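Asker: Dropping a structure here in structure tokens format, bear with me for questions.
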Amino acid sequence: MTSTRIDTAIIVVAAGSGTRLSAGEPKAFVGIDERSILAHCLEGVFRAAQMQVVVVAPDDRVGEALAIAHDEAGERRELVTVVAGGDTRQESVAAGLSRVWPTVQIVLVHDAARALTPPEVIDRVADMVRETGHGAIPALDVVDTIKRVDGERIAGVVDRAELAAAQTPQGFRRDILAAAYERATAEFTDDAALVADAGHDAIRVPGSALGFKITLPDDLARARDLLRREERGADGNAHRAGEDPAAVRLPRVGIGTDVHAFGGDGSLWLAGLEWPGERALSGHSDGDAVAHAIVDAVLNAAGLGDIGTHFGTDRPEFAGAHADAFLGETARILADAGWFVGNVSVQMQAARPRFSARRGEAETALSAALGAPVSVSATTTDGLGFTGRADGVQVFAVALVVPQH
Ligand code: CTP
Ligand code: MG
């Protein structure tokens, strides 16, 4: 397993709401071109030396973050971990730290919002920590003349030779960073400040003008402009290599439904989770109607038959299987046929169990198993029909599948 050889991790914090950008959704998921801020940031991360990549996403975007990370990771998929963040950046970093592999000795913390950071900066930080054991921070000289102010009054000049503008990723020995986070009670503006407060110093390495943080709408416009210029080839024309419009296969949608009755043995398994104390569903495998509807929707979208085609009685290994096994195998079947899943939207009709409290957990489990975002809504049917009488559950799923390039 790869984790035994990996001594470095990078925590990419992407759980902020992006208030100042105010683009209508969490900042990391806003598009720069056809790809999001997070996708561009991870492109740089995966071009750097191999390291564990822990993406910290908003609670309700974990599945989407996983899909983006897998897309960018290519053959490095197994290096990806995604975890839900907290209300502050510091809490989000702490959440990321809790998922760093035991073998890791050096941890880098990076803002997803610094989407265009070149891979060399990431390597430079990691190398400096590895060589010196000190913290390392990429920083740029300050070019503006800086004044100390007191309200509107200019109170003095600051010698800019003494200043540097800090960027990310900031790298530290894992033990030092973890101890500093454990003792932190106040909020700090960056990780270096938090580590400094715990009594450890850091060294500056050269940053990059491309490492600016997308904070305000103007920053996003600048990033867009930079990418447009990059995409223009030497001939000055916008192009994307190898694109032949005539050969493009379109995305496809598919639908799946499933119904299971209550009355099975053991505990209830539904939406990839075990529900202690709830009546079990009966049926083939664990009776998880959510998982089965997803499988049908995905296979149907790709024109690959249905659950019976691939998971029939000739595959006894799936007899007692849970959602993770079904969804993982479905993703594999799809990949073999040249498709990947864009997303799946599920609606469950059930009087029991009460789903809303565990929605995030279920979406995370299902998304992780399928390798694509799965969102689940649930409704009761106002006491009507078999779902209203709590005789069973009924599930509908719609999937989007996208051709691989
Ligand atoms: N971040 C995070 N969790 C938080 C807050 C911030 O993971 N609770 C991340 C952001 O996603 C971002 C980085 O920390 O990549 C730097 O934060 P900032 O630029 O301030 O992003 P936001 O907090 O999202 O933006 P704003 O402050 O404008 O709302
Ligand atoms: Mg913020």
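Asker: In this structure, is T364 open to solvent by 40 Å² or more (accessible area, probe 1.4 Å) and of a type in the set (V, I, T)?
Answerer: Here the answer is yes, as T364 does meet what is asked.
Asker: Condition check: more than 20 Å from T168 (Cα to Cα) and either within 16 Å of ligand 2 (Cβ to nearest atom) or not β-branched (V, I, T) (or both). Does R5 satisfy that?
Answerer: Judged against the criteria, R5 is a match.
Asker: Quick check on region 259-286: of everything there that is under 29 Å from the mean Cα position of the chain (by Cα) and farther than 15 Å from S375 by Cα, which residue is modelled with the lowest pLDDT?
Answerer: D286
Asker: To continue, here is another question. Going residue by residue through region 64-74, is there one that turns out to be in contact with an Asp or Glu (Cβ under 6 Å, 6 or more places away or on another chain), open to solvent by 20 Å² or more (accessible area, probe 1.4 Å) and either outside any helix (DSSP H, G or I) or closer than 20 Å to R173 by Cα (or both)?
Answerer: Within region 64-74, none of the residues are in contact with an Asp or Glu (Cβ under 6 Å, 6 or more places away or on another chain), open to solvent by 20 Å² or more (accessible area, probe 1.4 Å) and either outside any helix (DSSP H, G or I) or closer than 20 Å to R173 by Cα (or both).
Asker: Among (1) within 16 Å of ligand 2 (Cβ to nearest atom); (2) open to solvent by 30 Å² or more (accessible area, probe 1.4 Å); (3) in contact with a strand residue (DSSP E or B) (Cβ under 9 Å, 6 or more places away or on another chain); (4) not small (G, A, S), which single condition is E91 missing?
Answerer: (3)
Asker: Looking at region 185-197, which of its residues are hydrophobic (A, V, I, L, M, F, W, C), in contact (Cβ under 8 Å) with a residue 60 or more places away in the chain and either open to solvent by less than 30 Å² (accessible area, probe 1.4 Å) or in contact with a Pro (Cβ under 8 Å, 6 or more places away or on another chain) (or both)?
Answerer: L194, V195
Asker: Taking region 198-220, which residues are within 16 Å of ligand 1 (Cβ to nearest atom), open to solvent by less than 50 Å² (accessible area, probe 1.4 Å) and not β-branched (V, I, T)?
Answerer: Result: G207, G211, F212, D219, L220.
Asker: Hey, another quick one. Among the listed residues R61, R77, identify the single one that is more than 9 Å from ligand 1 (Cβ to nearest atom), in contact with a His (Cβ under 8 Å, 6 or more places away or on another chain) and open to solvent by 40 Å² or more (accessible area, probe 1.4 Å).
Answerer: When all the criteria are applied, what remains is R77.
Asker: Please go through region 26-58 and pick out each residue that is within 16 Å of D219 (Cβ to Cβ), more than 14 Å from ligand 2 (Cβ to nearest atom) and either at pLDDT below 95 or charged (D, E, K, R) (or both).
Answerer: Hit for region 26-58 is D33, nothing else.
Asker: Among G44, G16, which is the only one that is in contact (Cβ under 8 Å) with a residue 12 or more places away in the chain, under 13 Å from the mean Cα position of the chain (by Cα) and either part of a loop (DSSP other than H, G, I, E, B) or crowded, with 21+ Cβ neighbours inside 10 Å (or both)?
Answerer: Unique residue meeting the criteria: G16.
Asker: Is it the case that region 320-332 has a residue that's exposed (fewer than 13 other Cβ atoms within 10 Å of the Cβ) and free of Cβ contacts under 8 Å to residues at least 24 places away in the same chain?
Answerer: Yes, because at least one residue in region 320-332 is exposed (fewer than 13 other Cβ atoms within 10 Å of the Cβ) and free of Cβ contacts under 8 Å to residues at least 24 places away in the same chain.
Asker: Which of the numbered conditions does A369 fail, given that it passes all the others? Conditions: (1) open to solvent by less than 50 Å² (accessible area, probe 1.4 Å); (2) outside any helix (DSSP H, G or I).
Answerer: Single failed check for A369: (2).
Asker: Return the residues of region 19-41 that are more than 12 Å from ligand 1 (Cβ to nearest atom) and part of a loop (DSSP other than H, G, I, E, B); say none if nothing qualifies.
Answerer: If the condition is that a residue be more than 12 Å from ligand 1 (Cβ to nearest atom) and part of a loop (DSSP other than H, G, I, E, B), then G24, I32, D33, E34, R35 are the ones that fit.
Asker: Can you tell me which of R114, R89 is within 16 Å of ligand 1 (Cβ to nearest atom) and more than 18 Å from A180 (Cα to Cα)?
Answerer: The match here is R114.
Asker: Applying the selection to region 309-319, what residues are part of a helix (DSSP H, G or I) and free of Cβ contacts under 8 Å to residues at least 12 places away in the same chain?
Answerer: T309, P316, E317
Asker: Could you say whether any residue in region 334-352 is of a type in the set (K, R) and free of Cβ contacts under 8 Å to residues at least 60 places away in the same chain?
Answerer: No, there is no match, as no residue in region 334-352 is of a type in the set (K, R) and free of Cβ contacts under 8 Å to residues at least 60 places away in the same chain.
Asker: Here's another thing I want to ask about it. Restricted to region 20-34, and to residues that are within 22 Å of Q404 (Cα to Cα) and free of Cβ contacts under 8 Å to residues at least 12 places away in the same chain, which residue is least open to solvent (accessible area, probe 1.4 Å)?
Answerer: So the residue we want is G31.
The values are calculated or read from the model by the stated rules, or taken from the named source; none is laboratory data. Values in this document were obtained by computation on a predicted structure and should not be read as measured data. Using ideal geometry, Cβ is built from the backbone for each residue, glycine included, and neighbour counts are taken over all protein chains shown. Surface accessibility is based on the protein's heavy atoms, side chains included, excluding ligands, DNA and RNA. Shrake-Rupley method; radii C 1.70, N 1.55, O 1.52, S 1.80 Å.
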